[in-house]
Amino acid sequence: MELNGRTAVGFEEGRTSDASWFDDLTRIRFAGPVSPAHRVLPRDTNTETLAVHAGTYADPVTGCVGTPIFQTSTFQLDDASYDAFADGAMRDVPIYTRYGNPSQWAVQEKLAALEGGRSAMVTSSGMSATASAIYALTNSGSHIISAYDVYGGTYNLLREDMPSAGREVTFVDPTDVDAIRAAVRPETQLLFFETLTNPLLKAPPLRAIAEVAAEANALLVVDNTFLTPVNMRPIALGADIVVHSATKYLGGHSDLTAGVIIGRRKFLDRVWAQALRFGGSLEPLTCFLLERGLKTLALRVRQQNENASQIARFLATHERVVAVHHPDVGGAQYAGLAREDYLGYGGVVSFEVRGGDRAAVEFMSRLRLPHVATSLGGVESLVSMPSNTSHSSLTSGQRARIGINPGLVRFSAGIEHVNDLVADLRDALDGLDGRDG
Ligand SMILES: *Cc1c(COP(=O)(O)O)cnc(C)c1O
């Protein structure tokens, strides 16, 4: 419908914006929020194609090929805006950028399509996405189940902030379905797990966890940062909500900080309202960078899968390496892995350098190609040690209990030629002196 010469968005063709539309089951809750200028592709389109085309804003005035950067904090009010206020439909109409912006809608539609979800919201960081989702989808007095080795920021949120917000949290081993089931209580509302854990690459059995969540009538929220929808789509395996640190693979170039929440529209509407109050919306310029990065997601991640796999196989043969954590070099922990649920295992490989933390520090200083830096998922390889970065707040005893042994190094493979990476790793390992300790 046309209003003031502008096309009102969020309403189907020919529908009027009466207040009943929100509850009208015939309303298509599928795409959203998007405008008629955003490209909405069928969800069964292949990943590579979705990565390039889904969500793009096809500008009707200029015909430009990519989404313009809608660098504005606010939008002119018109009848559609006032109707949206009256109907509580502010998520579907451009009013104010913290509420929504066509640059956000473009990248949101792309991410929703890639994860096979109906709706998405981009946020200012991965932690903003996680915090908004958990707060929005639980009530005071409820109970949450998660893993003791989730991402450090998530663990701190669950451990420090949830109890004072009236949510009790039980932490379990994410690979132990019986322990997860045993932790369920009548007031359990949410289960939070990761598709592959940091830094030891444990692989929680998501289908089984989704069944536990369904039996408990609780929501399963999954952090898919480490695998990306190129390697696994948790919603297809039974998850209700997917969150990401888009700072990692989705952005893919170590040049932005962002997060995303994906799921059914009715859940996302709640998360949106919560995120509005927390204020974690994503800047239009960062939306542009994220959308551009996503166009090559499938190419990048497939190369990173391959590089990490070859690096893991090389490391497993080197005498200065005590242990390698990667599904392709096995170990007992991957015995029951549902390999059919994975298209790849991502670009991270962790390994223990013989000689402990001192040797690991020396090894990292000998590497020429990767940067020594935290984070992962960029086109450039990064290397760091959990013991003096992400897991430095734990005692050595606590680290040992979750399997972070002295000398553990986390390598995030970029898209460099794998021969160059392996040669660099070999030189750095060969150059270590023979002393242990
Ligand atoms: C980095 C990371 C986060 C936090 O994301 P930010 O963008 O840094 O806020 C959450 N979960 C996982 C698995 C991560 O790797």
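Cβ contacts < 6 Å: first residue in contact (Cβ under 8 Å) with a residue 60 or more places away in the chain, restricted to segment 165-193; second residue assigned to a loop (DSSP other than H, G, I, E, B), any location; separation 6+ or different chain. Result?
Cβ pairs passing all conditions: 175/202; 175/204.
Counting just the residues of segment 304-339 that are over 21 Å from the mean Cα position of the chain (by Cα) and of a type in the set (D, E, K, R), which one comes out surrounded by the fewest Cβ atoms within 10 Å (Cβ to Cβ)?
Within segment 304-339, the match that is surrounded by the fewest Cβ atoms within 10 Å (Cβ to Cβ) is 319.
If the requirement is being under 20 Å from residue 224 (Cα atoms), at pLDDT 95 or above, assigned to a helix (DSSP H, G or I) and within 16 Å of the ligand (Cβ to nearest atom), which of these qualifies: 275, 298?
275
In segment 100-123, which residue that is out of contact with any Cys (no Cβ under 7 Å at 6 or more places or on another chain) and either of a type in the set (Val, Ile, Thr) or surrounded by fewer than 20 Cβ atoms within 10 Å (Cβ to Cβ) (or both) is nearest to residue 283 (Cα to Cα)?
Taking the candidates together, the pick is 123.
Every residue, every condition in (1) within 15 Å of residue 324 (Cβ to Cβ); (2) modelled with pLDDT of 95 or more, yes or no:
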site: 352; (1), (2): yes, yes
site: 368; (1), (2): no, yes
site: 396; (1), (2): no, no
site: 402; (1), (2): no, no
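I want to confirm something. Restricting to segment 356-380 and keeping residues that are away from the ligand (no atom under 16 Å from the Cβ) and crowded, with 21+ Cβ neighbours inside 10 Å, which single residue is nearest to residue 292 (Cα to Cα)?
Once the filter is applied, the top-ranked residue is 370.
Taking residue 433 and the conditions (1) surrounded by 20 or more Cβ atoms within 10 Å (Cβ to Cβ); (2) assigned to a loop (DSSP other than H, G, I, E, B); (3) at negative phi, which numbered condition does it fall short on, given that it satisfies the others?
(1)
Out of the residues in segment 126-152 that are more than 10 Å from the ligand (Cβ to nearest atom) and over 25 Å from residue 182 (Cβ atoms), state the one that is surrounded by the most Cβ atoms within 10 Å (Cβ to Cβ).
So the residue we want is 132.
Restricting attention to segment 393-402, which residues are within 19 Å of residue 374 (Cα to Cα) and either touching a residue at least 24 places away in the same chain (Cβ under 8 Å) or small (Gly, Ala, Ser) (or both)?
393
Take the residues in segment 401-424 that are part of a helix (DSSP H, G or I) and in contact with a Pro (Cβ under 9 Å, 6 or more places away or on another chain); name whichever of them is farthest from residue 153 (Cα to Cα).
Selected residue: 424.
For residues that are small (Gly, Ala, Ser) and not in a loop (DSSP other than H, G, I, E, B), scanning just segment 135-152, find the one that is nearest to residue 273 (Cα to Cα).
136
The values are calculated or read from the model by the stated rules, or taken from the named source; none is laboratory data. As the structure is a prediction and not an experimental result, all values here were calculated from the model. All Cβ positions, glycine included, derive from the backbone under ideal geometry; neighbour counts span all protein chains shown.
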